[in-house]
Amino acid sequence: MMLFRYKLIRIITYALFYFVLINTNGCSKESSKLKQIKSNGILRIALVADPPHYFPNKVKKRGYDFELVSRYATSIDV
């Protein structure tokens with residue numbers, strides 16, 4: 001009977017430990033990256049400065065990657 005009780009207590013202890021571990025694993029006081037970007041109002045990226053990714057032009061910046069990032073920034077109001 002004592003052996004059964006010892007095993008039961010051990011199983012319950014491990015179950016509680018894993019429950020606490022799983023529930024606290026995702027907790028963080030830091031806000032998400034998206035919230036940080038929105039609060040700063042700045043989206044920082046790195047682009048390859050070669051065609052067709054980015055065409056540095058003094059009048060208007062162009063390129064596939066530049067347009068993609070610009071539209072994403074507009075969609076998240078940055």
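The values are calculated or read from the model by the stated rules, or taken from the named source; none is laboratory data. As the structure is a computational prediction, the values presented were derived from the model and not from experiment. A quick note on method: Cβ atoms are made from the backbone with ideal geometry, for glycine too, and the neighbour counts reach across all protein chains shown.
Pairing residues of region 10-37 that are β-branched (Val, Ile, Thr) and part of a helix (DSSP H, G or I) with residues that are surrounded by fewer than 10 Cβ atoms within 10 Å (Cβ to Cβ) and modelled with pLDDT of 80 or more, at Cβ distances under 9 Å and at least 6 apart in sequence or on separate chains, gives 37/44. For region 57-78, a residue qualifies if it is small (Gly, Ala, Ser) and over 19 Å from the mean Cα position of the chain (by Cα), and the qualifying residues are 63, 70. Scanning region 50-78 for residues that are at pLDDT 80 or above, surrounded by 10 or more Cβ atoms within 10 Å (Cβ to Cβ) and assigned to a loop (DSSP other than H, G, I, E, B) yields 76, 78.
Among the residues of region 6-49, those that are surrounded by 10 or more Cβ atoms within 10 Å (Cβ to Cβ) and modelled with pLDDT under 80 comprise 31, 47, 48, 49.
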